[in-house]
1. Filter the stretch 112-129 for residues that are touching a Lys or Arg at 6+ places or on another chain (Cβ under 8 Å) and not aliphatic (A, V, I, L, M); which is farthest from I165 (Cα to Cα)?
2. Would you point out which residue out of E46, E32, E89 is within 24 Å of H157 (Cβ to Cβ) and within 15 Å of the chain's Cα centre (by Cα)?
3. When you check K106 against the structure, is it open to solvent by 60 Å² or more (accessible area, probe 1.4 Å), part of a helix (DSSP H, G or I) and touching a helix residue (DSSP H, G or I) at 6+ places or on another chain (Cβ under 6 Å), yes or no?
4. Residue by residue through the stretch 24-37, note down the ones that are at pLDDT below 95 and open to solvent by 60 Å² or more (accessible area, probe 1.4 Å).
5. Checking I5 against (1) at pLDDT below 95; (2) more than 21 Å from I136 (Cα to Cα); (3) open to solvent by 30 Å² or more (accessible area, probe 1.4 Å), which single condition isn't satisfied?
6. Where the second residue is hydroxyl-bearing (S, T, Y) and in a loop (DSSP other than H, G, I, E, B) and the first is over 15 Å from L80 (Cβ atoms) and open to solvent by less than 90 Å² (accessible area, probe 1.4 Å) and lies in the stretch 117-145, which pairs have Cβ atoms under 7 Å and are six or more apart or on separate chains?
Amino acid sequence: DWGAIMQAFGFIRPLDVDRDAPALHQVFGDEESCRYLPRPAQKSVEDTAQLIKGWYDQCPDTEWALIEEADGPCLGRITLIPSGDGVFEAGCVVVPSARGRGLAHKGLGEAIDWVFERKNARRIFADIDPDNIASIRTFEKLGFRREGLHRATMETHIGVRDSVIMGLINTDPRPWRSESGA
């Protein structure tokens, strides 16, 4: 029941493709914001809506809008994609105007707790471009450990890229809990 779940959350809510596509187009429609993503910027809000709808349809209960207040606008997207038995891949984007406020850290912490507790995850990993320093720092702050570098692993719109793999398992400390007093 999302109502009960949302009482515990302060920085994420279920993603609403129609409502959130215009805000998310600030990321997915911007070349600089798409620099470390696998595909180039989308040309229109409709293209962005179609893109995020495809993701949402694959795993609707682990796709969230990043928010700062309960009825506030979407400020980004948090996703935890099932990747096998008890394993999820974490992803996060934040609209340019909301960057630098710690929202990714807060929203990811809530989503990670939910997946460990409600989906019985044993491992969550992030696959990050090594030049995406802000993302690496966010995951480090969440307690993820750098597990390796996969060289020339992904072909993207900016060329063949390496991937830093960072992981967190269900028995690892969750630093965001001590920060919030939980």
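1. Of everything passing the filter in the stretch 112-129, D113 is farthest from I165 (Cα to Cα).
2. E89
3. No.
4. Scanning the stretch 24-37 gives E31, E32, R35, Y36.
5. Only one criterion is unmet by I5, namely (3).
6. Listed pairs, sorted by first residue: D129/Y36; D131/Y36; N132/Y36.
The rows are residues; the columns are (1) assigned to a strand (DSSP E or B); (2) within 21 Å of R99 (Cα to Cα); (3) out of contact with any helix residue (DSSP H, G or I) (no Cβ under 8 Å at 6 or more places or on another chain); (4) modelled with pLDDT of 95 or more.
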residue: D127; (1), (2), (3), (4): yes, yes, yes, yes
residue: I136; (1), (2), (3), (4): no, yes, yes, yes
residue: L149; (1), (2), (3), (4): yes, no, yes, yes
residue: D162; (1), (2), (3), (4): yes, no, yes, yes
residue: I165; (1), (2), (3), (4): yes, no, yes, yes
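Each row is one residue, and each column tells you yes or no for (1) part of a helix (DSSP H, G or I); (2) open to solvent by less than 60 Å² (accessible area, probe 1.4 Å).
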position	(1), (2)
R39	no, no
D47	yes, yes
L51	yes, yes
G54	yes, yes
A70	no, no
I78	no, yes
G84	no, yes
V93	no, yes
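The values are calculated or read from the model by the stated rules, or taken from the named source; none is laboratory data. If you're wondering where the values come from, they're calculated on a predicted model, not measured in any experiment. Reconstructed Cβ throughout: ideal geometry from the backbone, glycine too, with neighbour counts over all protein chains shown. Each accessible area value is taken on the protein alone, full model and side chains, heavy atoms only, with ligands, DNA and RNA left out. Shrake-Rupley method; radii C 1.70, N 1.55, O 1.52, S 1.80 Å.
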